[in-house]
Amino acid sequence: MTTRPSPLAFRIHGLDCAEEVAVLKRELGPLVGGEGNLGFDVLNAKMSVTADPPVSSAEIQAAVARTGMRAEPWADDKAALAAEGFWERNRRTALTAGSGVLLLAGAGTHAALTGARTAFVEEGVTSPPATVVALYLVSILAGVWTVLPKAWVALKRLRPDMNLLMVVAVVGAVALGQWLEAATVAFLFALSLALEAWSVGRARRAVAALLALTPPEARLLHPDGREETVPPAQVPVGGRFRVRPGDRLPLDGKVVDGAGSVDQSPITGESVPVPKAPGDEVFAGTINGEGSLTVESTRPVSDTTLARITRMVGEAQSRRAPSEQWVETFARYYTPAVMALALVVLFVPPLLLGGAWGEWLYRALVLLVIACPCALVISTPVSIVAALAAAAKNGVLIKGGVYVEAPARLKAVAMDKTGTLTLGKPQVVEVVPMNGHTAEELLERAAALEAQSTHPLAHAVLAYATAKGVTVPPAEDFRILPGKGAAGRVRGTDYWLGSHRYLEERGQETPDVHDRLEALSAAGRAVVVVGNDRHVCGFISLADTVRREAKQAVSDLRAAGVEHIVMLTGDNRGTADAVARQTGVDEVYAELLPADKVTKVEALVAKYGAVAMIGDGVNDAPALARATVGLAMGAIGTDAAIETADIALMSDDLAKLPWLVRHSRRALGIIRQNIAFALGVKAVFVALTLLGYSSMWAAVAADSGATLVVVLNALRLLRSH
């Protein structure tokens, strides 16, 4: 058995959008054994390489350099980023600003030396003064400096892209003596690329803000009681740390001492602080309220829920949304097609219609400028990144761009019962004493016998007794009755505890008790019967409580356009029907095995097309994988469910499900707006150019303006709540 080589990770300087990803795939794919061995995180300018046979880091860096970009080994630490010089961090901004300043200086100098009419109207007829030419030339070089290497690669590969189009247009304008226009084109193109980098940086900072929630220090408690301030990475799993009121938690863990409320909104999106007591789980990045807590670490700092959220959002960039794939495919054919059209515009009118070569060369160059797909290419990825970041901020972890759009198309939703529609924890709902016993006495006997059991019903009975202030005496001569219950002596009297079936087996059941217990069972309740050798002392009924938001969530899903809502459960029919009545789902399938859930989901997919499955357990994982969209109840969900699912609801709040559908539709709407607007601007300027009413600088200005509009429109998703 061969092991897959460990991936190499690189920071790619110049990686800002899908255009660069496509270039890197073409260049590195053959070197590393196929494009499938490359992974990209545009948000963090990161590339992962898993080559088989292995390829050296130097070979990869050399291949990246051939594309006009630069690669360096990935470093997570902030010190590595801080080591970058000012020029490295601000090169694009400085060159764009320099290009603009020199453009204005050249135009001003030209106007001052020759008059405004000669400078701005008759350019190309007479050559500008040498000083003006020098200013324009440096402005042009500053504007195209970062794209020249990429344009050269595109020319060598005979794969025209927007970088090559711009360089050809600028060179053509210079050849025609249009120095002002050439400099304007170079500056506006540099500005559009700077806007693109800024928009990705904005989304990048939105996600990075999540990671910044982890405090730099933890108060580690040593076994001897000594407290030491250390970095969170130095707290071992199982180690204990103290969290003072108002502090952020440095690690995931379980409370072992203290009580209070914790603001979990940075992780789960919950607006109200959550009460915490010993045994409760807490997350890194959340804010402790009024009480001091002692917490036992359950995960290292690199694997906290917060770290996993940040990592998954970053990795999500490599999973392309359908709209992104469409735009990328469209741009691949669109750019060469417009270049071919430009050649037709250049040659056909002069050769066949007697047109002037200079005029039609200019129109062909304008057409090349219009062909630049900046606004179109950036329209979708910025929207996707903004949608991912906004969802994470609201406690919904979407694992890929492909899953941002999917909820918008849902027609049916399948829900697991236990842990999804219900809390997954049985609770005492009724205590019924009989034959002269009081409720307190019944709880005392039951709690004494359940104290040594690990069954979930036993925990519920004990918790209820404690909450009622019942003192639990020890049970003597305690023994387990396998498959039946338990028995023991409490305060000198022998008692037994068991199920309805055990009561029948003992022959102590009366018709009245039988009818009451059957009614409880039909309502989906579990029953613990307590008795002694003489009679039945009473019984305690328990039920898995339906989430308080479940009914409203089902209603909101229908309002959001979901046609059919189904509950799938392995529980018995009576329990399932009771939960269905309380939540209002359309259809119930009970007593299902994991394979049965998959079959039901497949049937829903065949009937409705787009189907979501939401669950929290290991037995839900196969069905989650089969659904169009798999959603996990994240905070309490098992690792198997969370890893299999496409989306995780970190707050276990079902109300986030209809929110997700609305958010997805809003994102899809913005993507469509951006694509339509970008293509509309192109169509208008192509028509104007062919009719002779457009100019090169106006075309670039329109493209840059369109880029700004789609960026700002996409970033509206960051305010989604």
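Some observations on this one:
- Here the range 517-542 is scanned for amide nitrogen atoms under 15 Å from the site 7 Å beyond the Cα of Asn435 along Cα-to-Cβ, giving 529-540.
- Protection proxy ranking, highest mean first, for peptides 457-464, 384-391: 384-391, 457-464, where packing is the per-residue count of other beta-carbon atoms within 10 Å, averaged.
- Taken along its principal axes, the alpha carbon cloud of the range 377-452 reaches lengths of 78, 26, 18 Å, longest axis first.
- Using a Förster distance of 45 Å, the FRET efficiency for Arg226-Leu481 (Cβ separation, nearest 0.05): 0.40
- 32 Å Cα-Cα threshold exceeded, pairs from Lys156/Lys682; Lys25/Lys656; Lys276/Lys411; Lys276/Lys399; Lys425/Lys607; Lys417/Lys484: Lys25/Lys656; Lys276/Lys411; Lys425/Lys607
- Placing dummy labels 7 Å off each Cα toward the beta-carbon, the span from Leu712 to Ser521 is 6.8 nm.
- Computed over the alpha-carbon pairs of the range 490-591, the distance histogram in 5 Å steps reads 2, 11, 18, 16, 13, 11, 9, 7, 5, 4, 2, 1, 0 percent, short to long.
- FRET efficiency, 1/(1 + (r/R0)^6) with R0 22 Å, evaluated for Arg672 and Lys607 via beta carbons: 0.25
- Value in Å of the Kirkwood radius, where the range 425-546 supplies the Cα pairs that are averaged: 14.2 Å
- With each label modelled as a point 7 angstrom along the Cα→C-beta vector, the Val344-Asp280 pair spans 6.9 nm.
- Placing R0 at 25 angstrom, the Cβ-Cβ distance between Lys551 and Ser261 gives a FRET efficiency of 0.45 after rounding to 0.05.
- Placing a label point 7 Å from the Cα of Arg573 along the Cα-to-Cβ line, the residues of the range 538-567 whose backbone N sits under 20 Å from it are 566-567.
- Averaged over residues, the count of other Cβ atoms within 10 Å places the peptides 437-448, 176-187, 335-346 in the sequence 176-187, 437-448, 335-346, highest first.
- Highest average first, the peptides 584-593, 570-579 ordered by how many other beta carbon atoms sit within 10 Å of their residues are 570-579, 584-593.
- About the Cα centre, charge dipole magnitude for the range 425-546 (Lys/Arg +1, Asp/Glu -1 at Cβ), debye: 240 debye
- Stretch gain in nm, segment Ala337-Asn90, where the contour uses 0.36 nm per residue and the Cα spacing is subtracted: 85.4 nm
- Only the Cβ atoms of Lys and Arg (+1) and of Asp and Glu (-1) were treated as charged; on that basis the dipole of the range 218-303 about its Cα centre amounts to roughly 140 debye.
- A straight chain from Glu509 to Gln234 at 0.36 nm per residue would run longer than the Cα-Cα distance by 93.0 nm.
All of the numbers you see were taken from the coordinates with simple rules; none came from a lab. Owing to the predicted nature of the structure, the values given are computational and were not obtained by experimental measurement. With ideal geometry, Cβ positions are generated from the backbone for all residues, glycine too; neighbour counts draw on all protein chains shown.
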